[in-house]
Amino acid sequence: MRRIFGYISLAFIFFILISVWTLKIDNSLGYSEFVSGGALFFIISFLFLFNIRKRLPFLPLWPAHKWFLLHTIMGFLALLLFWLHAGSLWPKGLYVQILASLFYLTTLSGIVGLIMEKIYPNLLTRIGLECIYERIPHDIAKIRKKSEKLILECTEKTGSDTLAKHYLETLGWFFQRPRFFINNIFGGRDSHNWIIQQCAILERFLNEAEREYMKQIFTLAEIKIKIDHHYSLQTMLKNWLLIHIPLAAAAMVMAVWHLIVIQVYFN
Amino acid sequence: MEENKFDHDKSSYERPNFPYKCGRGAMWRTPCFKGPKIDGSCGGTQDCEPFFKEGRWSCRRAKEFGGSCNEGPGPNGECSWQRPPCAPKKTLRSIRGQISFLTVATIIALLAGSLALNPEGRGLVSVSDAGPLSRSHEKFTETKGCSSCHSAHAQGPVAWIKAVFSQEDISVGCANCHSFSGSGSISHNNKDLIKDREVRKIECVICHREHNGERMNNLKLTGEQCNTCHKNKFDSFSKGHPEFPEKYPYFNRNSLKFDHSSHLNKHFENPKFSDKGPKSCMGCHQVTLSDREVRPQAFEMICVECHGSQIKKKELVLLRLPEFMQNYIDGDSLIQACNAPAQDKTEEEFLSVSTEIPALVSSFLLNVPEDDPETYEKPMQELILAMAEESILPVEDLLNSQTENPLADKLLLGMNPEVLKRAACSWGLNLEYEPPAEAKFGGWYADMLEVRYKPIGHRDPVAKSWVEFALAVSTAQDDEDKATRAIAMRDEVISDKEGVGGCVKCHAINETITKEGKKELEVEWKYKNVNNRPHSQYSHSSHIEIMGNNNSCSNCHILNSQADYMASFKSFDGTEWSSNFESIEKKTCMQCHVKSKINQDCQTCHVYHLNPRFKKKMFAVKKQIPEIQK
């Protein structure tokens with residue numbers, strides 16, 4: 001925590017220094033936009049490096065969590081520098097407005113991502129199960145296979161197809177793939193309630209032996225619920241970058257274009 | 001879940017950083033174990049693969065996918081345990097990369113497309129539009145667009161590259177419309193201010209930043225910005241601003257001689273004139289039109305009651321028949337010219353009808369001494385004869401020969417040639433001229449021994465011309481005697497008491513230096529706005545508005561009864577003078593202009609530019625010629 005506070009303080013001091021510098025330049029009838037713009041471009045470039053760093057995990061370039069911390073702090077610093085550079089919340093001129101839109105959207109997606117990065121890992125821990133995202137299909141397939149095996153065994157041993165019919169009509173849908181995605185994102189318990197309801201409906205029609213199988217199916221369903229939670233939350237954790245990174249890349253392109261235009265038109 | 005599922009023989013190694021993964025996982029089936037290969041393919045649909053061991057073919061699979069297969073290979077050698085095909089599927093990272101690439105490509109395409117399709121950058125979609133211009137600049141750039149200021153605009157990539165490596169002074173374009181009394185690239189456009197100093201080159205864009213929309217909000221400078229260049233740095237007007245100089249703000253002599261002290265303390269107090277005098281400063285000064293100065297009202301409004309009649313009393317004597325010792329006039333010529341009856345030629349002793357000396361004007365024109373009849377009588381009599389013969393012409397010639405530009409038309413405006421001829425005829429015959437009636441209404445007239453001009457009233461054009469003529473010839477003589485006579489004539493013409501119309505009683509005369517370095521005297525005919533401090537500004541109206549009409553003048557302008565105001569006008573040097581008023585001190589302004597009260601920014605009182613204005617072409621109206629329908 002102390003380290004985070006240290007980084008934030010450094011960023012804040014950096015911003016204050018740049019602000020004072022630009023003020024001094026303004027007061028001496030200079031072009032402070034070059035200083036604030038230069039600082040902003042430097043910070044944006046640093047933010048961009050994080051993506052490159054992730055592609056080079058073998059290099060000893062600081063651990064990723066530190067990069068992420070710095071990326072977050074620098075992101076907020078970039079927002080402050082952007083306002084300092086533009087002199088307003090919304091600049092004038094089409095291409096600068098496109099640049100501002102991209103910058104704001106990138107920042108907004110970054111903030112949403114940050115919120116998820118802060119909340120979802122706790123939620124994932126609370127699930128009480130660890131899952132590798134890429135293996136979730138495999139895990140679901142395994143659970144489905146087990147449940148189908150239990151249903152077959154139940155039908156064979158008890159001679160009743162009540163559970164099997166019910167599985168085909170309702171539970172099979174659940175085991176097919178991850179379900180209740182939206183509800184899981186917000187930490188809901190719809191999937192759990194649904195399973196309980198489905199089992200409760202059926203329970204009075206089952207005999208003792210079938211109930212034993214039903215319990216085992218329920219246990220598998222509970223694991224599946226946890227995996228579904230993992231799937232939903234991890235999907236969000238991974239997919240917000242599908243918005244953030246392309247927007248950041250586009251903003252970077254526009255920033256470079258802005259640099260070119262400034263060099264050509266105001267050299 | 002298995003605890004050891006991450007072991008090498010429990011599960012495959014996940015490579016999310018690869019561009020592809022082989023997947024049935026996408027269909028939520030058991031994921032593929034293999035692939036992708038280097039070429040991106042995943043390799044078949046078989047779950048089990050044939051394996052030859054101990055002379056026998058069997059089917060098998062990896063332990064984590066179930067181990068050995070129950071069923072062996074078929075006759076064709078393939079294992080029968082089939083699964084849906086393992087199609088290569090893009091990883092999330094790869095998708096992210098693709099989306100990023102597409103986004104970047106879209107942006108670049110939009111930029112390139114916009115540049116290609118709309119190189120002029122006009123209309124709504126302009127990828128180099130830095131923002132709308134201020135209203136006035138938008139109007140003047142509508143023809144040439146961005147190229148009005150940015151030369152590289154719409155000139156193609158080569159020009160862009162050149163522009164990057166060369167410096168462009170955008171301010172050059174500003175000079176197409178804006179002009180100042182000095183160079184635009186010099187501080188304050190005023191080279192006098194930067195003498196012997198090293199100052200930075202000024203560009204308009206240092207202060208005036210465009211592309212901020214309709215309002216150009218950078219016309220204001222802060223005190224700190226002024227302090228950038230000024231060596232004498234201070235915080236504000238009340239804190240550190242130097243004291244006002246001596247005589248502030250009365251540095252230059254007034255164009256009109258008006259002694260406030262004598263008028264306020266003497267004349268207006270006099271019961272004879274008190275009813276005519278103004279009740280307050282506003283009685284003479286036009287507050288409603290005040291700005292930097294509060295101009296007095298016209299002569300006809302405020303002075304005429306007391307001084308109107310004095311003008312007509314002050315006449316000019318153009319010619320006077322002087323005393324002659326002998327008569328040199330050819331009698332025959334005179335009789336012929338005047339169409340007079342022939343006179344007997346008797347040898348009587350000549351006795352001049354006049355005992356006067358010549359008028360100073362004629363003495364100057366003929367360049368003869370006015371106190372030596374032997375010297376002046378011959379040329380004077382020749383002039384009289386010439387006037388008898390040609391009336392006004394010889395006088396015109398004499399006047400026109402004194403100056404570079406002929407002035408006789410102005411000087412003799414309204415003169416009746418008949419009157420002049422008759423007077424000359426009378427004088428030639430050594431008689432006094434008897435006018436038919438008294439000259440009541442002013443203008444040129446002859447009376448007994450003189451030709452005189454009586455001003456009609458204020459702004460009399462002939463009187464003005466004579467004052468200007470007298471001043472002009474007094475400084476333009478090379479001959480010493482003539483110069484002395486010119487000065488004598490000038491002193492008479494501009495005399496407070498005797499000068500024609502008494503113009504110079506109120507109008508100051510200033511000595512100026514021409515471009516050629518010659519000294520000239522100039523009458524201040526008009527009330528002059530003193531603008532010798534072009535970088536300062538002051539609005540009387542706003543101050544009067546705040547302080548009220550009653551005491552606002554005397555709050556700052558305190559009468560100095562000790563000052564010898566009128567003595568200042570004895571010389572022609574406008575800089576040496578004593579004002580009627582005490583100098584205004586900084587503390588007077590600080591009654592209000594302090595931190596807690598009224599704005600004390602530099603620009604409240606100071607103007608950066610030197611006489612900023614638009615070039616004439618800005619006001620030119622283009623002639624619209626209607627097309628003729630054929």
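If R0 is taken as 25 Å, the Cβ-Cβ distance between B:THR288 and B:LYS526 corresponds to a FRET efficiency of 0.80. Each of A:SER28, A:TRP62, A:ILE44 was scored by the projection of its Cα onto the charge dipole of segment A:28-136, and the greatest displacement toward the positive side belongs to A:TRP62; charges sit on the C-beta of Lys, Arg, Asp and Glu. Hey, with R₀ at 30 Å, roughly what FRET efficiency would A:GLU203 and A:ARG126 work out to, going by the Cβ-Cβ distance, to 0.05? The calculated FRET efficiency here is 0.60. Considering all C-alpha pairs of the protein assembly as shown, those separated by over 37 Å amount to 71%. Going by neighbour counts of Cβ atoms within 10 Å, the residues B:LYS21, B:LYS616, B:LYS464 line up, fewest first, as B:LYS616, B:LYS464, B:LYS21.
Residue ranges B:575-587, B:319-331 sort as B:319-331, B:575-587 when ordered by packing (mean number of other C-beta atoms within 10 Å per residue, highest first). Averaged over the residues of peptide A:242-255, the number of Cβ atoms from other protein chains lying within 10 Å of each residue's Cβ is 5. Maximal additional length on extending the B:ASP169-B:GLU120 stretch stands at 15.6 nm, based on 0.36 nm per residue less the C-alpha distance.
Helix-only arithmetic for the protein assembly as shown: the sum of -39500 (n - 2.57) across DSSP H runs with n ≥ 4, divided by the residue total, places the mean residue ellipticity at 222 nm at -14000 deg cm²/dmol.
The charge dipole of the protein assembly as shown, taken about its Cα centre with unit charges on the Cβ of Lys, Arg, Asp and Glu (plus for the first two, minus for the last two), comes to roughly 9520 debye.
Explain nothing, just the number: relative contact order of chain B, from Cα pairs under 8 Å at least 6 residues apart, as a whole percent. Contact order relative to length: 14 percent.
The share of alpha-carbon pairs in segment A:133-234 lying farther apart than 17 Å comes to 48%. Which one, B:CYS174, B:GLY131, B:PHE268, projects farthest toward the positive side of the charge dipole computed for the protein assembly as shown from Cβ point charges (K/R +1, D/E -1)? Checked the options; the winner is B:GLY131. Ordering B:567-574, B:110-117, A:66-73 by mean Cβ neighbour count within 10 Å, with the highest value first, yields A:66-73, B:567-574, B:110-117. Determine the percent antiparallel among the DSSP beta bridges restricted to the protein assembly as shown, to the nearest 5. Of all bridge pairs located within the protein assembly as shown, approximately 95 percent are antiparallel. Note on segment B:259-412: percent of Cα-Cα distances in each 5 Å bin, starting at 0 and stopping at the bin with the largest distance, equals 2, 7, 11, 13, 11, 9, 7, 7, 8, 8, 6, 5, 3, 1, 1, 0.
Computed from Cα atoms, the angle from the helix A:94-127 axis to the main principal axis of chain A rounds to 40 degrees. Here the alpha carbons of chain B define both size measures, Rg and Dmax, at 49.0, 182 Å. Out of every Cα-Cα pair that segment A:121-168 contains, those further apart than 16 angstrom amount to 55 percent.
What shape does segment A:185-230 take by its C-alpha gyration tensor, where a ≥ b ≥ c are the square roots of the eigenvalues and a/c under 1.5 counts as rounded, a/b above b/c as prolate, and the rest as oblate?
On the way: a/c = 5.80, a/b = 2.00, b/c = 2.90.
Taking the square roots of the gyration eigenvalues as a ≥ b ≥ c, segment A:185-230 is oblate.
In whole Å, how far is the Cα centre of segment A:1-63 from that of segment B:149-171? Cα centres, segment A:1-63 to segment B:149-171: 30 Å.
Can you give me the C-alpha center-to-center distance between segment B:530-563 and segment B:298-316, rounded to a whole angstrom? Measuring centre to centre over Cα atoms gives 28 Å.
Using a simple spin-label model with pseudo-atoms 7 Å out from Cα toward Cβ, A:TRP21 and A:PHE218 lie 6.7 nm apart. Applying the criteria of a DSSP loop state and at most 16 other Cβ atoms within 10 Å to the GluC sites (Glu not before Pro) of segment B:224-261 yields B:GLU243, B:GLU246. Just want to confirm a number: the relative contact order over segment A:133-234, from Cα pairs under 8 angstrom separated by 6+ residues, in percent. In percent, rounded to a whole number, it is 41. Neighbouring Cβ atoms from other chains, within 10 Å of the Cβ of residues in A:130-139, number 6 on average. Taking Cα atoms, how many degrees apart are the long axis of helix B:480-493 and the longest axis of chain B, rounded to 10 and kept between 0 and 90? Once rounded, the angle reads 90 degrees. With +1 on each Lys and Arg Cβ and -1 on each Asp and Glu Cβ, how big is the dipole of segment A:133-234 about its Cα centre, in debye rounded to the nearest 20? Charge dipole of segment A:133-234: 260 debye, to the nearest 20.
Checking the table A:LYS24/B:LYS191; A:LYS149/B:LYS53; A:LYS149/B:LYS63; A:LYS142/A:LYS224 against a 21 Å threshold on Cα-Cα, which pairs fail? Too far apart for the 21 Å limit: A:LYS24/B:LYS191; A:LYS149/B:LYS53. Neighbour counts of C-beta atoms inside 10 Å place B:ASP275, A:ASP26, B:ASP409, B:ASP460 in the sequence B:ASP275, B:ASP409, A:ASP26, B:ASP460, starting with the fewest. Angle check, please: helix B:304-313 long axis (alpha carbons) against the longest principal axis of chain B (alpha carbons), in degrees 0 to 90, nearest 10. Computed tilt is about 50 degrees.
The GNM of chain A, with springs linking C-alpha atoms under 10 angstrom apart, assigns the highest mean-square fluctuation among A:TYR104, A:TYR120, A:TYR167 to A:TYR167.
The chymotrypsin sites (Phe, Trp or Tyr not before Pro) found in segment B:439-485 that occupy coil by DSSP, while having at most 13 further C-beta atoms within 10 Å, are B:PHE441.
For the segment A:256-267, counting C-beta atoms of other chains within 10 Å of every residue's C-beta and taking the mean gives 6.
Given the alpha-carbon gyration tensor of chain A, what are the semi-axes of its equivalent ellipsoid in whole angstrom, ordered largest first, with each equal to the square root of 5 times an eigenvalue?
After scaling each eigenvalue by five and taking roots: 56, 17, 15 Å.
Per-peptide packing, taken as the mean over residues of other Cβ atoms within 10 Å, places B:536-547, B:94-105 in the sequence B:94-105, B:536-547 from highest down.
In this Cβ point-charge picture (+1 for Lys and Arg, -1 for Asp and Glu), segment B:462-580 has a dipole of about 400 debye about its Cα centre.
Ordering B:PHE614, B:ASN227, B:PRO406 by Cα displacement along the dipole of chain B toward the positive end leaves B:ASN227 in first place; charges were set at the Cβ atoms of Lys, Arg (+1) and Asp, Glu (-1).
We did not get these values from a lab; they are worked out from the coordinates using the rules stated. Quick caveat: nothing in here was measured; it's all calculated off a predicted structure. Neighbour counts are summed over all protein chains in view; Cβ atoms, including those assigned to glycine, are modelled from backbone coordinates with ideal geometry.
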